[in-house]
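Here's the structure we're looking at; comments come further down.
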Amino acid sequence: MSGPGKSPLVAVRDVEKSFDAHRALRRVSLDVWDGEVLCLIGASGSGKTTLLRCINQLTGIDRGAIWLDGELLGMRQQDGRLHRLSEAQIARQRLKTGMVFQRFNLFPHMTALQNVAEGPVQVQGRARADAARDARELLGRVGLIEKADLYPAQLSGGQQQRVAIARALAMRPMLMLFDEPTSALDPELVGEVLAVMKELARGGMTMVVVTHELGFAREVADTIAYMDDGTIVEAGPPSQVLGAPREARTQAFLSAVLG
């Protein structure tokens, strides 16, 4: 959390991103502190997912800068000028983050255990036995140890998403990014995924979550940021943003969503 002399784990400064004529992000700035849960809310197309993808360097930014753990992302300074990092250097930086997408993207030919263990072996060069041991521990953490030897097609959507969370955690990230992780699930399966995310939050994992689950955001978030038209309209604790929003656009969004 913030405090004297401390720096945020994630610092986003004046970030802009356009896709052809569409300005997806407009001078976005925010901080995410170590151990904090930030929930991004807003209508579809407001820039939430683009911001998340920029933090994970899946989408390059046009202007501004992003730092993670004090390291400038995607660029290096030399002789007073900025130079873009190589893809290998960007991939190394990306190892500090774990990302969970709307779709689970599990390897269909691998068991749940193999899906979780494969990244540490192939990317981090860890011994397969060690990675498998950690994968079993993580599957237990998300409540799926009994499903370790099943393939994705044998799992429900909620179970597949929990395997995807375990897979991201297996890389030992300092930051977890979630892009509407329950939007592709049947309603009865949403709760089991949110329960895992709540447990991560209680354990002190730093998280940025794009979500339409306002009840979850109210319960778990330290900070909620409402986005509209590529900008952060309002940000603050859930009690303020959801309970007593100051901006007319925030009020209109919540009125439309909550009725």
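Heavy-atom accessible surface of the range 140-224, averaged per residue, reaches 39 Å², computed with a 1.4 Å probe. Membrane-span-like helices in the chain (whole DSSP H runs, Cα extent of at least 20 Å along the helix axis, mean Kyte-Doolittle hydropathy of at least -0.5): 187-202. In this calculation the C-beta distance from R246 to E16 is compared with R0 = 30 Å, giving a FRET efficiency of 0.75.
Using the 1.4 Å probe convention, the accessible area of the range 1-103 works out to 53 Å² per residue with neighbouring protein chains retained. Computed from label points 7 Å out along Cα-Cβ, the spacing between V123 and R202 is 2.8 nm. Computed across the range 120-259, the Kirkwood hydrodynamic radius from all distinct Cα-Cα pairs reaches 16.8 Å.
The largest accessible area among L72, L51, L95 belongs to the first residue in L95, L72, L51, and the rest follow in falling order (1.4 Å probe, all chains). Among the protein heavy atoms, those of M205 account for about 30 Å² of accessible surface (1.4 Å probe, every chain in place). Cross-link candidates for K198: which lysines have Cα within less than 23 Å, leaving aside residues fewer than 8 places away along the same chain? In chain and number order, the partners are K48, K96, K147. Figure note: R23, R172, R92 ranked by solvent-accessible area, largest first, 1.4 Å probe, ligands and nucleic acids not counted: R172, R92, R23.
Whole-percent P(r), the range 4-73, all Cα pairs, 10 Å bins from 0: 19, 54, 23, 4, 0. The relative contact order of the chain comes to 25 percent, based on Cα pairs under 8 Å that sit 6 or more residues apart.
Indicate the gyration tensor shape class of the chain (rounded, prolate or oblate), computed on the Cα atoms with a ≥ b ≥ c the square roots of the eigenvalues: a/c under 1.5 is rounded; otherwise a/b larger than b/c is prolate and the rest oblate. Since a/c reaches 1.5 but b/c is at least a/b, the shape of the chain is classed as oblate. Computed over protein heavy atoms with a 1.4 Å probe, the carbon and sulfur contribution to the accessible area of the chain reaches 48%. Among rounded, prolate and oblate, which fits the range 149-220 when a ≥ b ≥ c are the square roots of the eigenvalues of its C-alpha gyration tensor, a/c under 1.5 means rounded, and a/b larger than b/c means prolate? Because a/c hits 1.5 or more and a/b fails to exceed b/c, the range 149-220 counts as oblate.
The values are calculated or read from the model by the stated rules, or taken from the named source; none is laboratory data. Being a predicted model, the structure only gives us computed values, none of them experimental. Note: ideal-geometry Cβ built from the backbone for every residue, glycine included; neighbour counts use all protein chains shown. Heavy atoms of the whole protein, side chains included, go into the accessibility calculation; ligands, DNA and RNA do not. Shrake-Rupley method; radii C 1.70, N 1.55, O 1.52, S 1.80 Å.
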